[in-house]
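Step one of this worksheet: look at the structure below.
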Amino acid sequence: MSARRPDLAELDFGHFARQFDRCLRQDKVIAFSRWRDNVAAVPPGLQDFFWRVVEVNLSPVAETRLRGLREWRDFYGEILDARFRRPSADRPQFRTTKQAFDSYSAIFWRFGSTQARFDLRFGRLVLLALRKESSTIANHGKGSYDDLVVVMRRTGRFRELSSFPICTEPGAQYSQRAGSGDKRYKGVAFKKADGVDINKDGIKDAGRLTEGTYQYFEKKGGFLGDRAFQVKDTQIAERDTDGDGRFTEGDKSRIDPKGAGTSMYIHRGGADTVLEPNTWSAGCQTVPKNRYPTFLKAVGKPNAFYYVLVNAAS
């Protein structure tokens, strides 16, 4: 007889994943029964996150066993799909903080560097950002807070997690093309030209951070009158070389390995208001002014922290 099907509010994603791993190594029939009973409690909007937690908790021994079970071939295919696909940019409705922490930790673990994983595992502050692709020309070039940053810390048995809107792409108000009469930038109020001309056409190309792992430190003197964070190693940027307001992932000709230097900070942006949001981002990672004090409180004052930026699925 299978165990009672759990209510979603009772379902601990991480605990289940570890139990499932143990069962899979010992008794495939019990493992399948527990999977069937638990996965049925997870609504469609959380299924992707649930699969990700199971995938990162799958031990090499359990994975080898799973790979050898013909009747579980489709299941193993789903595990591999969860491993390699992009996470969703949607904001799911988790029932508990633990569910959210386990889910975002799974994404952080899969996309982060070895050093970042170490900090997550041993209770140090880490940040995960999920980028939703958007045009630099959107919102009249003022940018949009349509990305998500999650601040996480594991303290013993407790899980601390806070999420905030963030902008990880530049607004066209800082593009040289907006001040050059380019018709595509009609309606954009040009502020100043920021960027690097990597294709030598005489126009500075707007840039954004490539996805990856970055270690940030407190920026001496802050930025824009508030605390801010800066890296010590040169950052790699993607450049909008054709000025269409988009960044083409995988196009090596657009990669700028040195031009950004350490200039792409995490700092306070303009307010996130319904009428006129303004991110103040020329490539930096900016959190809305009306959420920034809470963001700083969640971050605290660590010596350093890892920031993992992931391009979410469209």
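Values quoted throughout were computed directly from the atomic coordinates according to the rules given, and no laboratory measurement underlies them. Only a predicted model underlies this, so the values are computations on that prediction, with no experimental measurement involved. Positions of Cβ are generated from backbone atoms using ideal geometry, with glycine treated the same way; all protein chains shown enter the neighbour counts.
One table, with the values for the structure above:
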{"item": "Unmet criterion (only one of (1) in contact with a helix residue (DSSP H, G or I) (Cβ under 6 Å, 6 or more places away or on another chain); (2) farther than 20 Å from Val287 by Cα) for Ile137", "result": "(2)"}
{"item": "Contacts under 6 angstrom Cβ, first residue in segment 58-84 being surrounded by 13 or more Cβ atoms within 10 Å (Cβ to Cβ), partner of a type in the set (Asp, Glu), 6 or more apart", "result": "Leu58/Asp21; Ser59/Asp21; Ala62/Asp21; Ile79/Glu55; Ala82/Glu55; Arg83/Glu55"}
{"item": "All positions within segment 176-188 that are part of a loop (DSSP other than H, G, I, E, B) and out of contact with any helix residue (DSSP H, G or I) (no Cβ under 7 Å at 6 or more places or on another chain)", "result": "Ser180, Gly181, Asp182, Lys186"}
{"item": "Scope segment 153-181; condition farther than 18 Å from Thr286 by Cα and surrounded by 16 or more Cβ atoms within 10 Å (Cβ to Cβ); matching residues", "result": "Arg153, Arg154, Arg159, Leu161, Gln176, Arg177, Ala178, Gly179"}
{"item": "Number of positions in segment 272-314 that are closer than 19 Å to Gly141 by Cβ and basic (Lys, Arg)", "result": "1"}
{"item": "Strands (runs of 3 or more DSSP E) wholly inside segment 189-236 containing at least 3 residues that are surrounded by fewer than 18 Cβ atoms within 10 Å (Cβ to Cβ)", "result": "212-218"}
{"item": "Enumeration of residues in segment 145-167 that are in contact (Cβ under 8 Å) with a residue 12 or more places away in the chain, of a type outside the set (Ser, Thr, Tyr), on the phi < 0 side of the Ramachandran plot and part of a loop (DSSP other than H, G, I, E, B)", "result": "Asp146"}
